[in-house]
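Worksheet: one structure, shown below.
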């Protein structure tokens, strides 16, 4: 009886050790089977280096064809957050629509796969891509240095600016400011707005989402918030819970900078970037991009050259 | 006031919160079903007289209890894919699976310590009495120790279970759309409604009612098990 128990304990602990070791072991195993065997080695590195129009040369040496991976599984998983007018649902509907969502569906169609939309936590967009939980970030993403260093980014397709959101009754105080020094400004952590607010000397409060930044202003815990112009148009003012908020200052103008640009993000070194750029050039040329942009009131912002 | 409760906005919000709460419940029950037996296995490991097993089991409990659950969720969901060990199924189901796994492991470790306390808290004399009656070790465990352990662990288990109700909200870190996520979604926009803050605070009603029901059920169970008083 006692012996049997001892043996059972020994077997159990050995099993546990083996299970742990298996985790490490399978790394090598997966590596062997996945990248080289299904993609001819000569093809992939070439497409990887062609891609780098806007990004530094891909650091990964073992680039497999992302295009083949997506076509193989038959779905293009698009990472989004709810962002009217880019990716959103109309009232009473369960379908994702918007400028980005509609174009993503067309892009998936051109690849012969279906688009699947997945809401993500914006802070983890790079990890979502790299762990293959999603295949592309397509959500009005501003092309800043951090994004371009971590993802394979497309040609810019839309213009944007960062605006300062304040309480409507204090709006006059913020008119024509060139510096935000001494102000507490809520920003979305990791956003272009955070960079802009810091550049203008504000004390920033990084929060999880642009929506939370607005709550900071509304609750009076921050003086102001910096969010995307396109989003400010949809989220504050009459008919929302933030009827008492308004936006005053264009931070890009205040810094004397150009407008920001939106781009689409793929995995670093992915051959999908090139595929996307070709797709986009074609859709600009045949007028589809302008047509879809007009549907969502973005004809002024979309880049057509 | 009544107009508000019959308005289409209220209906839309409630429908969304309900769909989120279904995910909360799913996570809650799957965690309990997985963690209650797994906790017992870990408890046996921690009490084993075989040193390596005991050491492994206690180290595991130390690591899991010593790190934040939110970190375990993030690691379990992203690291396997980034290291190319395996990929979670794509879409919502993959997120749910990963979160359930993280919760089961985490809660099993807490449960295992409660079980260990319950088992070791049964006086030695009880086992000796069993031996005197000629019972085997297995019979003593099943009929004497386990029976008394179960009634002893109900209050601490209730504590953990109530905590679990609220801990489910951590799942939103990897964008599992549970009830808090759905509540928050109306701030940014959902189903054509944006800039609403009250749905977020309204989720408290769901948690309060649910934890109330759980508390009542657990109190009932405790009463039912008070057969030695």
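Read the figures in this text as sums done on the coordinates, not as results from a lab. If you're wondering where the values come from, they're calculated on a predicted model, not measured in any experiment. Positions of Cβ are backbone-derived with ideal geometry, glycine not excepted, and every protein chain shown enters the neighbour counts.
Structure notes:
- At 1.306 mPa s and 10 °C, Stokes D of chain B from Kirkwood alpha-carbon radius, µm² per second: 79 µm²/s
- Full extension of the chain segment joining residue B:127 with residue B:14 gains 35.3 nm, where the gain is 0.36 nm per residue of separation less the Cα-Cα distance.
- The mean count of C-beta atoms from other chains within 10 Å of the C-beta of residues in B:86-94, rounded to a whole number, is 4.
- Translational diffusion of the stretch A:147-305, µm² s⁻¹ [Kirkwood Rh, Cα pairs; Stokes-Einstein; 20 °C; 1.002 mPa s]: 127 µm²/s
- Counting only alpha carbon atoms, the long axis of helix B:69-82 and the longest principal axis of chain B meet at about 80°.
- At R0 = 45 Å, FRET efficiency that the Cβ-Cβ distance of residue A:299 and residue B:163 yields, to 0.05: 0.30
- Gain in span if fully extended, residue B:59 to residue B:6, counting 0.36 nm per residue against the direct Cα distance: 13.6 nm
- Considering only the stretch A:136-278, percent of DSSP beta bridges that pair antiparallel, nearest 5: 65 percent
- From the alpha carbon centroid of the stretch B:38-80 to that of the stretch A:100-127 is 37 Å.
- With contacts taken as Cα pairs under 8 Å at a separation of at least 6 residues, the stretch A:162-254 carries a relative contact order of 43 percent.
- Residue among B:79, B:30, B:41 with the largest mean-square fluctuation in a Gaussian network model of chain B, springs linking Cα atoms under 10 Å: B:79
- The mean number of partner chain beta-carbon atoms within 10 angstrom of a residue's beta-carbon across peptide B:181-190 is 6.
- Percent of Cα-Cα distances greater than 18 Å, calculated over the stretch A:99-187: 61 percent
- Rounded to the nearest 10 degrees, the inclination of helix B:51-66 to the longest alpha-carbon principal axis of chain B is 30 degrees.
- When every Cα-Cα distance of the protein assembly as shown is counted in 20 angstrom steps from zero, the calculated P(r) takes the values 19, 45, 28, 8, 0 percent.
- With Rh defined as the Kirkwood radius, the inverse of the mean 1/r over Cα pairs, the Rg/Rh of the stretch B:1-48 is 1.45.
- Note on B:46-56: average number of Cβ atoms from other chains within 10 Å of each residue's Cβ is 4.
- Diffusion coefficient (Stokes-Einstein, Kirkwood radius over C-alpha pairs, 25 °C, 0.890 mPa s) for the stretch A:162-254: 196 µm²/s, rounded to a whole number.
- Rounded to the nearest 5, the antiparallel percentage of DSSP beta bridges internal to the protein assembly as shown is 55%.
- Working from Cα pairs under 8 Å separated by at least six residues, relative contact order for chain B is 26 percent.
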